[in-house]
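The values are calculated or read from the model by the stated rules, or taken from the named source; none is laboratory data. Just so we're clear, the structure is a prediction, and the values are computed from it rather than from any experiment. Here the Cβ positions follow ideal geometry from the backbone for every residue, glycine too, while neighbour counts run over all protein chains shown.
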Amino acid sequence: MVESILNLFFPKTCTGCSSFLLSNENVICTTCRHNIPLTNHHLNPGNEAFKKFYGRIPIIHASALFYFHKKGIVQQLIHNLKYRGHEEIGAILGDWYVEDLKNIEILKSVDEIIPVPLHRKKHKERGYNQVTTFGKALASGLNLTYNDSLLIRNVYSKTQSKKNLLGRTEGIGTLFDASFTEKDHHKHFLIIDDVITTGATLEACATALLKIPGAQISIVCMAMAHS
Ligand SMILES: [Zn+2]
């Protein structure tokens, strides 16, 4: 009742296209859900996300749920998630992807989900890591541990979004460390991030985690830039 009255004065809008949501729609409208470009990476172990890391780092699995196009729905979703506090988008995408990922045999050996960390100063500025809700939804749906204390980002980069306009310079001067003990040995880590572009950030994270004896790496992202 209260919610209906609130909706009358402050109708909820779709985070993809800003049109008003119907009462049976949540966060993303039905039209956007149908128009979002799916990669279907989960159906193909040798997909383009996997190929991106081929010869760079040894990985077990890589996939992204959507394609990311400039000015597309996915860019809008990620922007709202990352810069406008709409953390619920991450949870919706996580629940969505669980349905595909739970059928992948090779992912059944994953032990922990590891989010790409923000530097603690950046985390303080934004107030949250934009991949947390996505990662927690995956962890809950796939029955895995969510571990955001294993991987640490060392260098603070203040102008990351400006850098992106000029071509991403991610990875340069950005170093990650794994803070591990013996209990972290011999585990399969699933690294998660928002968008795969060059893959440099994920490669740097994987390199840090691979210093742990017996570590295995897989990668899952919300979206992948499509050229
Ligand atoms: Zn929409």
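So, K82, is that one closer than 14 Å to A223 by Cα and among the basic types (K, R) or not?
Yes: the conditions hold for K82.
Could you check, for region 178-185, whether at least one of its residues is within 25 Å of K102 (Cα to Cα) and either assigned to a loop (DSSP other than H, G, I, E, B) or at pLDDT below 95 (or both)?
The answer is yes; a qualifying residue exists.
If I filter region 92-109 down to residues being buried (at least 18 other Cβ atoms within 10 Å of the Cβ) and in contact with a helix residue (DSSP H, G or I) (Cβ under 7 Å, 6 or more places away or on another chain), which single residue comes out as farthest from N26 (Cα to Cα)?
Looking at the filtered set, the residue picked out is L107.
With within 16 Å of the ligand (Cβ to nearest atom) and of a type in the set (A, V, I, L, M) as the only criterion, which of L77, L151, L144 stands out?
L77
Suppose we keep only residues that are of a type in the set (G, A, S) and exposed (fewer than 13 other Cβ atoms within 10 Å of the Cβ) within region 45-74. Which one would you say is nearest to the ligand (Cβ to nearest atom)?
G46
Under 9 Å between Cβ atoms, which residue pairs at least 6 apart in sequence (or on different chains) link something in region 25-40 that is under 10 Å from C14 (Cβ atoms) with a partner that is of a type in the set (G, A, S) and modelled with pLDDT of 95 or more?
Final answer for the pair search is V27/A91.
Scan region 179-196 for residues that are surrounded by 12 or more Cβ atoms within 10 Å (Cβ to Cβ) and without any contact (Cβ under 8 Å) to a residue 60 or more places away in the chain and jot them down.
F180, D184, H186 - these are the residues of region 179-196 that are surrounded by 12 or more Cβ atoms within 10 Å (Cβ to Cβ) and without any contact (Cβ under 8 Å) to a residue 60 or more places away in the chain.
Applying the selection to region 115-159, what residues are of a type in the set (K, R) and closer than 14 Å to L81 by Cβ?
Answer for region 115-159, where residues must be of a type in the set (K, R) and closer than 14 Å to L81 by Cβ: R126, K136.
I want to confirm something. Restricting to region 13-44 and keeping residues that are touching a Phe, Trp or Tyr at 6+ places or on another chain (Cβ under 9 Å) and farther than 14 Å from G72 by Cα, which single residue is farthest from the ligand (Cβ to nearest atom)?
Here the residue is N44.
Determine if region 19-39 includes at least one residue that is within 18 Å of L190 (Cβ to Cβ) and modelled with pLDDT of 95 or more.
Yes, region 19-39 has at least one match.
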